[in-house]
Amino acid sequence: PITPGELLCLGSSLAFSGLFYYLYRKKARVVARIQEAPKLQVDDDLPALVSAAEGRCLPYVALEGIVLPAKAVLTSHYHEGLQGVIQKLLLKELRLIWNSLARSW
């Protein structure tokens, strides 16, 4: 005989497992799309390529090119000869996405 408490634990365990599997599969699809992203060079042809794309937007691309620092290069304290720059990025989304879990935009 199974008690109601055991049934409740089993049901909640199955519900959480299903939810986490759904989230895992959703993120796995995003990671697969990012890994399959085309690699583009930053050159004079890039603006023409973006304007020719559907919606004037490239969803996932990897940009390769030379980066110049705005002020000074950052050097690593832990690895000699390793340098980097800080990138400022501003992204503004104008469309709303429906969140079915929270039932809101």
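Worth a mention:
- Where Leu58 falls short, out of the listed (1) open to solvent by 90 Å² or more (accessible area, probe 1.4 Å); (2) hydrophobic (A, V, I, L, M, F, W, C); (3) assigned to a loop (DSSP other than H, G, I, E, B); (4) touching a Leu at 6+ places or on another chain (Cβ under 8 Å): (1)
- Filtered by the rule that a residue be open to solvent by 100 Å² or more (accessible area, probe 1.4 Å), within 30 Å of Gly65 (Cβ to Cβ) and not in a strand (DSSP E or B), region 1-53 gives Lys27, Arg29, Arg33, Gln35, Glu36, Asp44, Asp45.
- Long-range neighbours under 9 Å by Cβ, at least six apart or interchain, first residue over 19 Å from Leu101 (Cβ atoms) within region 1-17, second of a type outside the set (S, T, N, Q) and surrounded by 10 or more Cβ atoms within 10 Å (Cβ to Cβ): Ile2/Leu10
The values are calculated or read from the model by the stated rules, or taken from the named source; none is laboratory data. Because the structure is a prediction, the values reported are computed rather than measured. With ideal geometry, Cβ positions are generated from the backbone for all residues, glycine too; neighbour counts draw on all protein chains shown. For the accessible areas, the whole protein counts, side chains as well, though only heavy atoms, and no ligand, DNA or RNA atoms are used. Shrake-Rupley method; radii C 1.70, N 1.55, O 1.52, S 1.80 Å.
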